[in-house]
Amino acid sequence: MKAIKLLILIPFIGYLGFLPWANRIEPYVLGMPFLLFWLVLWMILSPIILTIVYKLDPDNKDGETE
């Protein structure tokens, strides 16, 4: 497995790995309880990280194949 593809694990760890730590109501961030903010944050970061992995992966540099 290539090292760049290990970045795919970051959203998984963010969602589930730190969930027990983030499972609290206070502090409120942007008017949301912390847990809701944490999940929304990872919903925004996950596609960004996956796009970075897609762009950096050398297997995707060949172009589309049909």
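List, please: which pairs have Cβ atoms under 8 Å, are six or more places apart or on different chains, and start with a residue in segment 36-54 that is at positive phi and modelled with pLDDT of 90 or more and end with one that is surrounded by 12 or more Cβ atoms within 10 Å (Cβ to Cβ) and part of a helix (DSSP H, G or I)?
Within 8 Å, no pair qualifies.
Hey, among the residues in segment 13-29 that are β-branched (Val, Ile, Thr) and loosely packed, with under 13 Cβ neighbours inside 10 Å, which one's farthest from the chain's Cα centre (by Cα)?
Checked segment 13-29; the qualifying residue farthest from the chain's Cα centre (by Cα) is Ile25.
Which residue is surrounded by the most Cβ atoms within 10 Å (Cβ to Cβ), if the candidates are limited to segment 30-50 and must be assigned to a loop (DSSP other than H, G, I, E, B) and not aliphatic (A, V, I, L, M)?
Residue satisfying both the conditions and the ranking: Pro33.
In the set Ile10, Ile25, which member is hydrophobic (A, V, I, L, M, F, W, C) and in a helix (DSSP H, G or I)?
Unique residue meeting the criteria: Ile10.
The values are calculated or read from the model by the stated rules, or taken from the named source; none is laboratory data. What you are looking at is a predicted structure, and each value in this text was computed from that prediction instead of being measured. All Cβ positions, glycine included, derive from the backbone under ideal geometry; neighbour counts span all protein chains shown.
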